[in-house]
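The values are calculated or read from the model by the stated rules, or taken from the named source; none is laboratory data. Being a predicted model, the structure only gives us computed values, none of them experimental. Note that we place each Cβ from the backbone using ideal geometry, even for glycine, and neighbour counts take in every protein chain shown. When the accessible area is computed, the model is the full protein with side chains, heavy atoms only, and any ligands, DNA or RNA have been set aside. Shrake-Rupley method; radii C 1.70, N 1.55, O 1.52, S 1.80 Å.
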Amino acid sequence: MEYRQLGASGLRVPVLSFGTATFGGGNQFFKAWGNTQVDEAKKLVNLCLDAGVNFFDTANVYSRGLSEEILGKALEGLRNRVLISTKATFTMGDGPNDYGSSREHLIQSCNDSLRRLSTDHIDVYHMHGFDATTPVEETLRALDDLITSGKVRYIACSNFSGWHLMKSLSVSERYGWARYIAHQAYYSLLNREFEWELMPVGIDQNVSTIVWSPLSSGQLSGKFRRGQPVPESSRISQGGEHGPATNFDRLHNIVDVLEEVAKETGKTVAQVALNWLLQRPTVANLVIGARDEEQLKQNLAAVGWNLDIEQIKRLDAASEVDPIYPYWHQRQNLKLVPLPKFY
């Protein structure tokens with residue numbers, strides 16, 4: 001297993017982490033992702049550890065705390081061997097302070113997550129989204145206090161815009177507080193908007209990327225084929241889709257090239273899609289999920305080899321999308337706004 005430095009920190013993480021949104025199945029949305037309970041979770045955790053994956057990702061809103069509880073039980077006796085990432089910000093109750101990134105909510109959320117995870121510290125604590133109703137200074141000071149108290153080791157963000165991230169980093173620098181070392185973001189061959197602004201910010205500010213949904217809700221798994229109906233067992237068919245509706249013509253064009261490269265490399269479509277991401281700038285880690293052991297084993301085999309440059313260029317060409325303004329205008333002036341270097 002390859003390990004990479006996480007942003008401007010000394011923390012080294014494996015290039016794959018195991019996402020546990022499939023744990024619990026607490027409502028219809030999360031049942032579409034999976035319904036893994038404690039016994040199966042322990043088996044998946046041990047498979048990860050055997051492969052060198054010691055980084056586990058969850059969030060308090062995943063099945064309203066059930067994912068954290070099951071992960072905590074699955075990691076009993078293993079805490080000193082693993083890294084745990086969880087998240088806060090989204091709604092966890094009906095009260096007026098049961099959501100957001102205020103000091104009130106973050107301290108309560110952190111304590112609740114520690115209890116559910118049966119641990120005394122969180123290794124990487126993410127803000128699950130940007131709270132525009134709370135001053136950035138309040139959020140970052142509360143997070144800095146959680147680090148000082150020993151309850152959190154490192155902080156990160158998720159689903160931020162470029163200016164959200166840049167403002168947060170500026171405030172941390174101004175006051176000497178802990179800064180976000182990583183941004184957990186949606187990025188894949190099917191969804192490359194991340195490259196327009198968030199990737200350049202990450203390069204400039206040394207903020208690593210942790211990719212969530214690297215197979216775009218399973219659409220890049222190889223199960224979605226041209227001329228065939230959407231699989232009934234897929235997350236999309238069962239109501240677990242996120243984001244805008246899929247352009248299936250574009251998806252099938254990408255999958256066609258993935259299939260070609262998969263045959264050339266002797267790998268699966270999903271493994272090729274994951275390996276492509278691991279060769280992109282700023283990407284330090286991919287959060288992979290799995291409903292069962294076989295699916296997990298397949299995803300774990302996405303590392304230990306690399307696509308060649310020509311294969312990457314073909315995948316780039318198949319997945320390229322015209323950017324929105326101002327990015328298309330900036331690309332006309334590449335001497336002023338150079339693109340990230342992919343090769």
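Residues checked against (1) in a strand (DSSP E or B); (2) in contact with a Gly (Cβ under 7 Å, 6 or more places away or on another chain); (3) under 23 Å from Asp204 (Cα atoms):
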{"residue": "Glu137", "(1), (2), (3)": "no, no, yes"}
{"residue": "Leu146", "(1), (2), (3)": "no, no, no"}
{"residue": "Ala156", "(1), (2), (3)": "yes, no, yes"}
{"residue": "His164", "(1), (2), (3)": "no, no, yes"}
{"residue": "Lys167", "(1), (2), (3)": "no, no, yes"}
{"residue": "Val171", "(1), (2), (3)": "no, no, yes"}
{"residue": "His183", "(1), (2), (3)": "yes, yes, yes"}
**OP:** Looking at (1) in a loop (DSSP other than H, G, I, E, B); (2) modelled with pLDDT of 95 or more, find the lone condition where Arg225 falls short.
**Re:** (2)
Subject >> Hits in region 1-26 (condition: surrounded by fewer than 22 Cβ atoms within 10 Å (Cβ to Cβ), not in a loop (DSSP other than H, G, I, E, B) and not polar (S, T, N, Q)) >> reply: Tyr3, Arg4, Arg12, Pro14
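Quick one: which of Ala262, Ala270, Ala185 is crowded, with 16+ Cβ neighbours inside 10 Å, modelled with pLDDT of 95 or more and under 14 Å from the mean Cα position of the chain (by Cα)? Working first, answer last.
Values: Ala262 fails: under 14 Å from the mean Cα position of the chain (by Cα); Ala270 fails: under 14 Å from the mean Cα position of the chain (by Cα).
The unique qualifying residue is Ala185.
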Subject >> Residue that is surrounded by the most Cβ atoms within 10 Å (Cβ to Cβ) [pool: residues in region 318-339 that are more than 25 Å from the chain's Cα centre (by Cα) and assigned to a loop (DSSP other than H, G, I, E, B)] >> reply: Val337
Subject >> Given (1) more than 29 Å from Val201 (Cα to Cα); (2) of a type outside the set (Asp, Glu); (3) under 18 Å from the mean Cα position of the chain (by Cα), number of the condition Phe56 does not satisfy >> reply: (1)
Subject >> Where Leu140 falls short, out of the listed (1) open to solvent by less than 20 Å² (accessible area, probe 1.4 Å); (2) touching a His at 6+ places or on another chain (Cβ under 6 Å) >> reply: (2)
Original post:
Taking helices (runs of 4 or more DSSP H) that do not extend beyond region 27-112, which have at least 1 residues that are open to solvent by 10 Å² or more (accessible area, probe 1.4 Å) and on the phi > 0 side of the Ramachandran plot?
Top reply: none
